[in-house]
Each structure stands twice: as C-alpha cells, then as structure tokens.
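Only one structure is covered here, and it is reproduced in the block below.
The values are calculated or read from the model by the stated rules, or taken from the named source; none is laboratory data. Just so it is clear, the model here is predicted, and its values are computed rather than measured. Cβ atoms come from the backbone with ideal geometry, glycine included; neighbour counts cover every protein chain shown. Areas reflect the complete protein model, heavy atoms only, side chains present, ligands, DNA and RNA absent. Shrake-Rupley method; radii C 1.70, N 1.55, O 1.52, S 1.80 Å.
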Amino acid sequence: MGAPGIDVERLNDRLAIEHPIDDYYDRSPLPIRLIERRRLALIREFMGYVDGLDVIEVGSGGGHVLRMFPSARLTALDVSDEYLATARANLAGYDVRFLKGEIDKLGLPDASFDRVVCTEVLEHVVDPAAVLDAIAKVLRPAGVAVITVPNDPLIGRVKRIVRRSPAGWVLRDRIEWGGDTYHLHQWTPSAFASLLSGHFRITERRGAPLDRFPLRACFRCVPR
C-alpha cells in the first residue's frame with residue numbers, strides 16, 4: 001500500500017464519505033445486498049472455528065465482517081479514520097482493538113493471528129503483493145487467511161447489459177453503488193488465484209453469488 005503520488009488515506013476517506021458503508025450493506029439495490037450476504041456467508045464458512053482466537057481484518061471498513069465473530073479477539077485495521085469511526089460504532093461491546101495504518105508498514109509481530117480476513121480491499125491498494133506478503137507474515141502456521149476480490153471484468157459486462165435495459169433507466173447512478181471507480185486493480189478469479197498462489201496455498205475457491213456466476217471471488221488460504 002502507499003506510493004508516491006497516491007495518498008491512500010485520503011482516497012479511502014473520500015470513498016467512505018461518498019459511499020457510506022452502512023448504506024451499502026443496508027440500502028443498496030436488492031441484488032447487491034444478496035450478493036454481499038452470500039460473500040459474508042462464505043467468509044464465515046471459510047473462517048471456521050474462531051472462539052477465543054486472534055482475528056484481524058485488513059481493511060476493516062465499517063466492521064460489518066468482524067461483527068460476525070463476537071467470540072474472537074478482534075483487530076480492525078484500516079487506513080481511513082472515516083471507516084474506523086463507523087467500525088467503532090458497529091463493534092461497540094466487542095473484544096476489539098482498532099489500528100490505523102497499512103499492514104505492510106505497521107511492523108506487526110510475525111505469526112500473531114490465527115485468522116486474517118482481507119475482503120474487497122486489494123483492488124484499492126497500490127501494491128497488492130506487498131499486502132499479501134504482510135498478511136502471510138502475521139498469519140500463524142496453523143492459521144487461515146480468507147481473501148476476496150471483485151471480479152471486475154465480469155461486473156463491468158453485467159453493468160453494461162443493465163445500463164441498456166429498462167432496469168438501467170430505473171437504477172441510473174445506483175448501478176455504480178459501492179465505489180467501483182476507486183479500484184486501482186482488476187482481476188479475473190483465475191488471474192487473482194495466480195497472484196495469491198505466490199503467497200499462500202489455496203484450499204478452497206468459491207464465487208458469490210454463485211460459483212458459475214462469480215461476481216466476487218472468495219478464497220480460503222493457508223501458509224505455504
């Protein structure tokens with residue numbers, strides 16, 4: 001993350017203000033909400049047993065993923081004060097600490113987490129490989145990393161079809177709900193799997209809402 005010429009903190013603060021994350025989960029068009037519910041269900045499945053375990057979310061956003069794991073010791077990491085403020089509200093009463101920064105620059109201890117989640121984040125960072133390296137370092141030998149990315153090439157094709165349909169006239173700007181224009185990278189699921197395989201062993205790969213229609217590519221990973 002981070003590079004000369006790109007202020008990732010400012011970029012993510014602007015994304016959080018223009019596309020409030022609570023609204024995205026609660027009030028986006030129904031198809032989007034159904035896709036994201038499936039993504040969250042896959043994350044929960046891939047995480048497995050977490051009671052009492054150390055769990056960090058890299059790019060925690062508003063805390064909507066971490067609040068699925070109330071029995072774990074949680075760490076919410078984000079570069080955005082806007083997102084962290086929302087996460088604090090959504091995770092009130094949880095066993096959670098909040099960290100601001102970029103995982104590859106914070107110097108977190110090696111092998112310090114049993115589970116790492118990084119969902120819909122890597123497309124927003126300058127150097128995804130550096131972030132994956134840092135995630136691999138903080139993951140314990142028996143740990144699990146759950147990583148998801150949007151399938152932007154497929155999403156783009158779907159949006160073009162919707163725009164030409166009557167639904168496009170009804171939805172108008174809501175087709176862009178979620179801030180896809182802020183993505184710095186795009187991958188197909190296979191291309192991302194190739195990148196991921198340089199850092200982890202992939203034990204499961206699924207798509208949301210469907211494996212045959214993977215608008216979100218979801219991976220369960222363990223150390224190599």
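Report, to the nearest whole %, how much of the accessible area of the range 46-96 belongs to carbon and sulfur atoms, 1.4 Å probe, protein only. If you can, show how the numbers build up before the last one.
Details: 820 of 1750 Å².
Carbon with sulfur: 47 percent of the solvent-accessible area.
Taking the structure as given and computing mean projected area of the Cα convex hull in nm², which label from (1) 15.8; (2) 11.6; (3) 13.8 fits?
(2)
If I take every Cα pair under 8 Å that is 6 or more residues apart in the range 20-88, average their sequence separation and divide by the length, what percent do I get for the relative contact order?
Details: 74 pairs, mean separation 19.8, N = 69.
Computed value for the range 20-88: 29 percent relative contact order.
Helix 30-47 versus the longest principal axis of the chain: what is the Cα-based angle in degrees, 0 to 90, to the nearest 10?
20
Net charge around residue 81, counting only other residues with Cβ within less than 10 Å of its Cβ (Lys, Arg = +1; Asp, Glu = -1)?
Numbers: positive: 100; negative: 9, 13, 78, 82.
Cβ neighbours under 10 Å give a net charge of -3.
Would you look at the GNM of the chain, springs on alpha carbons closer than 10 Å, and say which of 108, 139, 196 moves the most?
108
Angle, helix 152-163 long axis vs. longest principal axis of the chain, Cα atoms, 0 to 90°, nearest 10?
It works out to around 30 degrees.
Using only Cα atoms, tell me the angle between helix 8-18 and the longest principal axis of the chain; keep it within 0 to 90° and round to the nearest 10.
Around 50 degrees separate the two axes.
Determine how large the accessible area of residue 159 is when every protein chain is in place; take a 1.4 Å probe and give Å² rounded to the nearest 10.
Near enough 30 Å² of accessible area.
When DSSP beta bridges are limited to those with both residues in the range 1-141, what percentage is antiparallel, rounded to the nearest 5? Please list the in-between numbers first.
Working: 1 of 15 bridges.
Antiparallel bridges make up about 5 percent of those DSSP assigns within the range 1-141.
Gaussian network model of the chain, Cα springs within a sub-10 Å range: biggest mean-square fluctuation belongs to which of 162, 126, 79?
Among 162, 126, 79, the largest mean-square fluctuation in the Gaussian network model of the chain belongs to 162.
Which of 70, 20, 109 ends up with the largest GNM mean-square fluctuation for the chain, with Cα atoms connected below 10 Å?
Comparing 70, 20, 109 in a Gaussian network model of the chain, the most mobile one is 109.
Tell me the net charge near residue 145. Cut-off is 9 Å between Cβ atoms, residue 145 excluded, with +1 for each Lys or Arg and -1 for each Asp or Glu. Write out the running numbers ahead of the final one.
Details: positive: 115, 220; negative: none.
Result for the local shell: +2.
Please give the solvent-accessible surface of residue 203 in Å², to the nearest 10, using a probe radius of 1.4 Å with every protein chain present.
Residue 203 exposes around 60 Å² with every protein chain in place.
Between the DSSP loop rule and a limit of at most 13 other Cβ atoms within 10 Å, which trypsin sites (Lys or Arg not before Pro) in the range 43-134 are left? Please list the in-between numbers first.
Working: sites: 44, 67, 73, 88, 97, 100, 105, 115; in loops: 105.
For trypsin sites (Lys or Arg not before Pro) across the range 43-134 that sit outside H, G, I, E and B with at most 13 neighbouring Cβ atoms in 10 Å, the list reads 105.
In square angstrom, what is the accessible area per residue of the range 1-77 with a 1.4 angstrom probe? Mind dumping the intermediate values first?
Numbers: 3450 Å² over 77 residues.
Value for the range 1-77: 45 Å² per residue.
How much net charge surrounds residue 7 when only other residues with a Cβ under 15 Å from its Cβ are counted (Lys, Arg +1; Asp, Glu -1)?
Working: positive: 10, 14, 100, 105; negative: 9, 13, 78, 81, 82, 102, 127.
Counting the neighbours of residue 7, the net charge comes to -3.
Loop only per DSSP, at most 11 neighbouring Cβ atoms within 10 Å: give me the chymotrypsin sites (Phe, Trp or Tyr not before Pro) in the range 1-107, ordered by residue number. The partial results should precede the final answer.
Details: sites: 24, 25, 46, 49, 83, 94, 98; in loops: 49, 94.
Passing sites in the range 1-107 are 49.
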